[in-house]
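Accompanying notes for the structure given below.
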Amino acid sequence: MSDNSSEALARDTLGIVQETIADGTTGFVCTFGVVNNINTYGTVAGDPIYLSNVAGGFTSTQPQAPNQTVALGWVIRVANTPSSDDGQIFVSVNNGWELEELHNVLITSPANNQVLVYSTPSNLWVNTSNVNLSNIHCAIVTG
């Protein structure tokens with residue numbers, strides 16, 4: 001089961017399971033669309049839903065780094081009581097991106113106290129330790 005405590009546990013999140021699935025068997029997972037009969041008590045209709053740090057769980061509170069932010073969808077209907085499964089979620093998973101996964105960022109051998117600098121010749125943000133501050137227009141500090 002997925003949880004947001006590490007990239008390894010969060011990166012393969014595909015959807016929300018729609019039924020109890022025993023180990024070694026198959027079952028239905030919603031990757032896009034509506035999941036019915038789920039406990040959404042304590043949320044508000046329209047709340048975004050994120051993967052939580054509890055295996056297989058979700059939360060309406062956006063995780064903060066170093067936890068992974070995996071958006072699962074939005075609450076459509078709030079469950080009536082803490083023990084009822086009459087809620088609905090619209091599922092549309094967005095697993096987010098790591099900085100180095102962006103198409104215009106090239107990070108090689110990252111190290112502490114490096115910065116990202118935009119390189120006009122390559123049209124990429126690149127990491128470097130050798131920075132001429134007079135040429136920096138914008139940088140993201142890492143480490």
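What number of residues within region 74-128 satisfy the criterion of being among the aliphatic types (A, V, I, L, M) and within 17 Å of I16 (Cβ to Cβ)? So the answer is 7. Selection of first residues in region 86-105 that are on the phi > 0 side of the Ramachandran plot and of second residues that are among the small types (G, A, S) and surrounded by 13 or more Cβ atoms within 10 Å (Cβ to Cβ), restricted to Cβ pairs under 9 Å at least 6 apart or on distinct chains, gives the following pairs, ordered by first then second residue: G96/A10; G96/A71. Give the residues of region 11-40 that are open to solvent by 100 Å² or more (accessible area, probe 1.4 Å) and not polar (S, T, N, Q), sorted by residue number. Within region 11-40, R11, D12, L14, D23, F28, F32 qualify.
Checking region 92-104 against the condition returns no match, with no residue being open to solvent by less than 30 Å² (accessible area, probe 1.4 Å) and outside any loop (DSSP other than H, G, I, E, B).
Taking the condition hydroxyl-bearing (S, T, Y), within 15 Å of S6 (Cα to Cα) and within 14 Å of the chain's Cα centre (by Cα), does S52 pass?
Details: hydroxyl-bearing (S, T, Y): yes; within 15 Å of S6 (Cα to Cα): yes; within 14 Å of the chain's Cα centre (by Cα): yes.
The answer is yes for S52.
When the residues of region 105-124 are narrowed to those that are open to solvent by 50 Å² or more (accessible area, probe 1.4 Å) and not in a loop (DSSP other than H, G, I, E, B), which ends up nearest to T59 (Cα to Cα)? Checked region 105-124; the qualifying residue nearest to T59 (Cα to Cα) is L106. The lone criterion from (1) closer than 22 Å to N4 by Cβ; (2) small (G, A, S); (3) at pLDDT below 90 left unmet by S134 is number (1). When we screen D3, D47, D12, D23 for residues that are in contact with a strand residue (DSSP E or B) (Cβ under 6 Å, 6 or more places away or on another chain) and not hydrophobic (A, V, I, L, M, F, W, C), the only hit is D47.
So, of the residues in region 65-84 that are exposed (fewer than 14 other Cβ atoms within 10 Å of the Cβ) and not small (G, A, S), which turns out to be farthest from V54 (Cα to Cα)? Among them, the one singled out is N80.
The values are calculated or read from the model by the stated rules, or taken from the named source; none is laboratory data. Please read all numbers here as calculations on a predicted model, not as lab measurements. Cβ coordinates were reconstructed from backbone atoms using ideal geometry, including for glycine residues, and neighbour counts include every protein chain displayed. When the accessible area is computed, the model is the full protein with side chains, heavy atoms only, and any ligands, DNA or RNA have been set aside. Shrake-Rupley method; radii C 1.70, N 1.55, O 1.52, S 1.80 Å.
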